[in-house]
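Written below as structure tokens is the structure these notes are about.
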Amino acid sequence: MTAYTFEEIAILISLTLTMPLLGVAAGVLDEWVPSLFRNQARVDWTATDWLIVGICFSFLGSIGDNIWWGVAWMLKYFNDPAWIWWFDHGVYSNILFRQAFKIAAGYCHLRAAVESGAMSGKSLSYRFAVMWMFGVIMLLWLISAKTQ
């Protein structure tokens, strides 16, 4: 019997969990996306509509992220040298599937809070302005720190 390292065991667990995650995410999208298309012509989306859109963004991003990293970790598990390319380019996958999709999902969830009356539209705008301001500050700091 082959002895496995802790990393290999973790990879096996992660890859095993990837399949149910993809199935659940696809099921959520299959269940909820059709209602989005039925409601897209409406201009007065409810809090529930915004929550559903946010959930769909979140699960769609999760599908992309898990496919990317599932391939990367599977290649590493089999010691295929292509794993290095997948890891080296993983930042692009993260920008799209983690950051962009989660920001969109979060915006939709906060917009649902606005529609339900739990938060004001002004508060939502303020929060996003502050978040983006901190993002730009981080960018400027990273650039200046590297050039020194």
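Only the coordinates and a few stated rules stand behind these numbers; no lab work does. Since this is a predicted model, take the numbers as computed values, not measurements. Reconstructed Cβ throughout: ideal geometry from the backbone, glycine too, with neighbour counts over all protein chains shown.
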I need to check one value: relative contact order of the chain, counting alpha carbon pairs closer than 8 Å and at least 6 residues apart, in percent.
25
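So how much slack lies between THR48 and MET119, counting 0.36 nm per residue of separation and subtracting their Cα-Cα distance, in nm? Kindly include the intermediate steps, with their values, before the conclusion.
On the way: separation 71, 0.36 × 71 = 25.56 nm, distance 1.47 nm.
Value of the extension gain: 24.1 nm.
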Phi-based couplings in Hz for region 115-125 (Karplus 6.51, -1.76, 1.60; Gly and Pro marked x):
5, 7, x, 6, 8, 8, x, 5, 4, 4, 4
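FRET efficiency for THR5 and HIS89, Cβ-Cβ distance as r, R0 = 30 Å, nearest 0.05?
Numbers: r = 25 Å, r/R0 = 0.82.
The formula returns an efficiency of 0.75 here.
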Charge-dipole axis of the chain as Lys and Arg at +1 and Asp and Glu at -1 on Cβ define it, positive-most pick from VAL24, SER116, ILE63:
SER116
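For region 6-117, what is the Kirkwood estimate of the hydrodynamic radius, computed as the reciprocal of the mean inverse distance between distinct Cα atoms, to one decimal in Å?
Numbers: mean 1/r = 0.0645 Å⁻¹.
About 15.5 Å for region 6-117.
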Could you run the Karplus curve 6.51 cos²θ - 1.76 cosθ + 1.60 with θ = phi - 60° over region 136-148 and give me ³J(HN,Hα) per residue in whole Hz, x for Gly and Pro?
5, 4, 4, 4, 4, 5, 4, 5, 5, 5, 6, 7, 7
Full-stretch length increase - ILE103, TRP132 - with 0.36 nm per residue and alpha-carbon distance subtracted:
9.3 nm
